[in-house]
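Working notes, beginning with the structure itself.
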Amino acid sequence: MLSTLRASPQQEATVSSRQHDDNSTSERPLTRRTSASERLPGGLRVIQGGGQRRQDEPLVSRDAVARVLMEAGVDLLLRRITPLRAAEIERKVDRVLDLFDRVDAAPLLMPVLQRHLDELEALMRETRQVRAPARRGG
C-alpha cells in the first residue's frame, strides 16, 4: 500500500533540491498539481448509500462471503460480538472461500460448498439476532 503513496521521480528531485532553511520566506512549488486519481492509482472511491445498512443477502458469491467477514469485523470493533464468535465466522469464511476455489477446479464439490454456505448463513443469522447493541457515550 505504501508504494502507491510514493511521489514521482520529478517530485522527489524537486523536494530534495529545495532549501530547508526555516527562515526562508520563499519556497518553490513542487510541480504541477495532479488529480487524486493520478496520485493514488489504487485510491478509494465513495459508494453512495447514505449510511444505510445493506439488506441481508444470500451467500451465493465470493463477494457476499467477503462482506460477511467485513460485517463481523465491524461488529467485533464495535463490541457487538465476542472475539470467539468473530473467530468462528472468520474460520467459516476462510473455509468457504477455499471451497469456492476448489469448486472452480472440481465442480463435483458444489454440494459441499453449498452445505458450508448454508452453515455460514445460519451462523450469521444467529449472530445478527443475538449481537448486543453498540455502546454509545461514556
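The values are calculated or read from the model by the stated rules, or taken from the named source; none is laboratory data. Model, not experiment: these values are computed from the prediction. Virtual Cβ from ideal backbone geometry, glycine too; neighbours counted across all protein chains shown.
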> Within segment 110-121, restricting attention to residues that are more than 23 Å from the chain's Cα centre (by Cα) and of a type in the set (A, V, I, L, M, F, W, C), which residue is surrounded by the fewest Cβ atoms within 10 Å (Cβ to Cβ)?
Replying inline: 110
> For segment 59-138, which helices (runs of 4 or more DSSP H) that fit wholly inside it have 3 or more residues that are polar (S, T, N, Q)?
Replying inline: 110-130
> Which one of 76, 30, 99, 59 is surrounded by 15 or more Cβ atoms within 10 Å (Cβ to Cβ) and at pLDDT 95 or above?
Replying inline: 99
> Is it the case that residue 54 is assigned to a loop (DSSP other than H, G, I, E, B), under 19 Å from the mean Cα position of the chain (by Cα) and modelled with pLDDT under 95?
Replying inline: yes
> Exactly one of (1) at pLDDT 95 or above; (2) under 20 Å from residue 67 (Cβ atoms); (3) hydrophobic (A, V, I, L, M, F, W, C) is unmet by residue 112. Its number?
Replying inline: (2)
